Amino acid sequence: MFRNGDITLKILAVEGLTKAFGGLVAVKNVSFSVNKGEILGLIGPNGAGKTTIFNLITGFLKPDSGSVTFKGEDITGKSPHVIVKKGIARTFQLVNPFGKMSLVDNVLVSLYGKMGIKGLRFVEKAEEILALTGLAQRKDEIAKNLPHGDLKKLEIARALATDPEILLLDEPFAGLSFEEISDLMDLINRLNQNGLTIIVIEHVMRALMKLAHRVIVLCNGEKIAEGKPTEISEDKKVIEAYLGGELIA
């Protein structure tokens, strides 16, 4: 499903992104790149600008300044439907499926209009995606009846149906039990091993630090640190940003 490639190849770059809402600067001159095939963690206290970064990358917001480049192409400010077709998909903090529709129909919505898939092949493809996310046995169930952990998987399945090269996950572990987090971590690792590049916003630090190859830290809209998880967990600026508490608590 996913395009394999050299993990050292830069696939996405943001340069000097800035976004203000009135007098509040949510993101200030943030720059970073993402390598093909890596899992990049994006962390920071509430209000640090993490979801705003996702919105700027995926076209839900336009930056006041700065740029977003995907595979060498400037995609700054393009609309979400254009960006998703180019190969960038995302999930949201609040899972919002079509509650009265089955799981397979939820995925079919994302597949609708995809080039080269017609007739029964739509259903076969949707079932393949549900199997990949561990939901094959529940494909005919109504979405609103799913437990929260499976709703998170369905959200990922819907994003995968767009055949992305990069998947942006916004707090995938929020509200999950320890067992559900472990199960979802396994899924994310499998997707990455299959060649999918992933960016994860998360507050469950123990999980994020095990998943990520590299971590970027935001605070008050600015990037304050970047490095391997072990480096980030020992960075004094990062610990202070989390109000003096242990980063991996």
For the range 103-123, give me the residue count where each residue is touching a Lys or Arg at 6+ places or on another chain (Cβ under 7 Å) and modelled with pLDDT of 90 or more.
4
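Tell me whether the range 187-205 contains one or more residues that are of a type in the set (Asp, Glu) and surrounded by fewer than 19 Cβ atoms within 10 Å (Cβ to Cβ). If you could, list the steps in order and put the result at the bottom.
Start the filter on the range 187-205 by keeping residues that are of a type in the set (Asp, Glu), which leaves 202.
From what's left, surrounded by fewer than 19 Cβ atoms within 10 Å (Cβ to Cβ): none.
Within the range 187-205, none of the residues are of a type in the set (Asp, Glu) and surrounded by fewer than 19 Cβ atoms within 10 Å (Cβ to Cβ).
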Take residue 174 and decide whether it is small (Gly, Ala, Ser), assigned to a helix (DSSP H, G or I), under 15 Å from the mean Cα position of the chain (by Cα) and closer than 18 Å to residue 153 by Cα.
no
Can you name the number of the only condition in (1) over 30 Å from residue 124 (Cβ atoms); (2) in contact (Cβ under 8 Å) with a residue 24 or more places away in the chain; (3) within 15 Å of the chain's Cα centre (by Cα) that residue 28 fails?
(3)
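Listed residues 198, 156; which is modelled with pLDDT of 95 or more, under 12 Å from the mean Cα position of the chain (by Cα) and assigned to a helix (DSSP H, G or I)? Break it down stepwise before answering.
Details: 198 fails: assigned to a helix (DSSP H, G or I).
The conditions single out 156.
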Go over the candidates 76, 91 one by one and state the one that is at pLDDT 95 or above, touching a helix residue (DSSP H, G or I) at 6+ places or on another chain (Cβ under 7 Å) and hydroxyl-bearing (Ser, Thr, Tyr).
91
Number of the exception - residue 223 against (1) at pLDDT 95 or above; (2) in a loop (DSSP other than H, G, I, E, B)
(2)
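The values are calculated or read from the model by the stated rules, or taken from the named source; none is laboratory data. Source: prediction; values computed, not measured. Cβ: placed from backbone, ideal geometry, glycine included. Neighbour counts: every protein chain shown.
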